[in-house]
Amino acid sequence: MLGAEISVVAFAVGVVVGMTGVGGGALMMPFLVLLFGVPARIAVGTDLLFAALTKTAGVSIHGLRGTIDWQVVRYLSLGSLPAAAMTGWGIFLRGQESPKIDRFILNALGIMLVLTALSLLAKNRLHGVGRQLRLRSAARFKRMQPAATVLAGAVIGVMVTLTSVGAGALGAVALLYLYPLRLTPAKLVGTDLAHAIPLACVAGVSHWYLGNIDWALLGWMLLGSVPGVLLGAHWGTRAHPAVLRPVLAVLLIASGAKILVT
């Protein structure tokens, strides 16, 4: 049964999201498009609401453990939420029923998957660069943090609304660079997840208005993902997410390449 297969995939994705804050849209979108044949617009819209609801379960655990930096979440949201709303409005104005929209979304998705994979591989290096800058020019670095975080949020907001990808991996890399001393591994995951929820909600509501939600598909996805993300969040504060990065990167590059040449 197709619904049961989707739930199994969603459970595995949920575990990865709970452990690392990465993999929601980046993993679920290729499965929906390539494995289950869901149209690009429907896959993006449904996956955004799926991400919002799934990550809420994980954030509840991180919130109880105090592993969320709410000030950083606010800075990111100041950039990402308006950008997401404006991107959704742009899709509406362009005529989202046009076949060109699906092709544009697929191309953007393929590029984002490759960029996400590269960001995972470069995560430690970018963290090191950010750490050096923070230690070398502490006062100047701290002054630019708020504006740079808002800008990073805006870029992520556009990408997430178009493709449902970017809030996890790209958000985590941006935070590692911008807050190399402030965010511990557990706090990085919790903060990234907490920002992803309002962003996915705003972007998801835009797609809801455009009619890009498959409610039956969403139900099957949630049936698997909610227990998966709870289990992953429980493990996440005890396991080192770097173990998963090379595997995720290879899978994302392969998925992105496949989408771009299809």
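Where Rh is the Kirkwood radius over the Cα pairs of the stretch 33-115, the temperature 10 °C and the viscosity 1.306 mPa s, what D in µm²/s does Stokes-Einstein return?
Working: Rh = 15.2 Å.
Answer, rounded: 105 µm²/s.
Given a 1.4 Å probe and heavy atoms of the protein chains only, how would you sort Tyr209, Tyr177, largest accessible area at the top? Let's see the in-between values first.
Values: Tyr209 170, Tyr177 75 Å².
Result, largest first: Tyr209, Tyr177.
Helix-only mean residue ellipticity at 222 nm, the chain, DSSP H runs n ≥ 4 weighted -39,500 (n - 2.57), per residue, nearest 500. What is it?
Details: 11 runs with 213 residues, N = 262.
That comes out to -28000 deg cm²/dmol.
Report the Stokes-Einstein translational diffusion coefficient (µm² s⁻¹, integer) for the chain, Rh taken as the Kirkwood radius over Cα pairs, at 10 °C with viscosity 1.306 mPa s. Don't skip to the answer; put the middle values down first.
Working: Rh = 17.9 Å.
Approximately 89 µm²/s, per Stokes-Einstein.
In degrees between 0 and 90, to the nearest 10, how far off the longest principal axis of the chain does helix 123-136 point, with axes built from Cα atoms?
30 degrees
The values are calculated or read from the model by the stated rules, or taken from the named source; none is laboratory data. Being a predicted model, the structure only gives us computed values, none of them experimental. With ligands, DNA and RNA removed, areas are computed over all heavy atoms of the protein, side chains included. Shrake-Rupley method; radii C 1.70, N 1.55, O 1.52, S 1.80 Å.
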